[in-house]
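The values are calculated or read from the model by the stated rules, or taken from the named source; none is laboratory data. From a predicted model like this one, the values you see are computed outputs, not experimental measurements. Heads up, the Cβs are rebuilt from the backbone with ideal geometry, glycines too, and the neighbour counts pull from every protein chain shown. Ligands, DNA and RNA are excluded from the accessible area calculation, which covers all protein heavy atoms including side chains. Shrake-Rupley method; radii C 1.70, N 1.55, O 1.52, S 1.80 Å.
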Amino acid sequence: PRVELAWAMKAHQHAQVYFNLISSVDPKFLNLTKVDDQIYSEFRRTFRDLKVDVLDPEELKSEPAKEKWRPFCLRFEGVVEDFNYGTLLRLDSRKDYTEENTIFGE
């Protein structure tokens, strides 16, 4: 439980920094890693039909979803620092990070 709380707090800090970045810079000019294009290509190849503007928690947390997410994340082991950290996701990208609009993705 303490480890999960620490991860959640770190994820919240990352979310705040990320939100400040995407709010102040046009995202098409923003690169968070050196391999952003590779990550996005792999993401779209793996999750072709996943809607990212409004997320369905079931598409992230169900067992079939986890079977796809784990191998996807593992592709970036040794490539992206903290590749396996959880992250806070906004369910509706048009809204802010709030308790109702946020899910913790592991």
note = Two pseudo-spin positions, 7 Å from Cα along C-beta at Ile22 and at Lys68, lie apart in nanometres by 1.9
inquiry  = Before I look further, what does the chain give for accessible area per residue, probe 1.4 Å, in whole square angstrom?
reply    = 78
Label point 7 Å beyond Cα of Asn101 along Cβ direction - residues of segment 52-90 with amide nitrogen under 19 Å = 52-58, 87-90
key: Placed amide H near Leu55: partners under 5 Å, 5+ positions off or other chain   = Asp92, Ser93
message = Please report the carbon-and-sulfur percent of the accessible area for the chain; probe 1.4 Å, protein heavy atoms only, DNA, RNA and ligands left out.
response = 54
query = How long is the chain along each principal axis, judged by its Cα atoms, biggest number first, in Å?
reply = 37, 28, 27
Estimated 222 nm signal from helices in the chain, with DSSP H stretches of n ≥ 4 weighted -39500 (n - 2.57), rounded to 500 = -15000 deg cm²/dmol
ask   = Where does segment 22-70 land on Rg/Rh, using Cα atoms and the Kirkwood Rh?
value = 1.03
inquiry  = Past 25 Å, Cα to Cα: identify those pairs from Lys61/Lys95; Lys34/Lys61; Lys28/Lys68; Lys28/Lys61; Lys10/Lys61; Lys28/Lys51, in the order given.
reply    = Lys34/Lys61; Lys28/Lys68; Lys28/Lys61
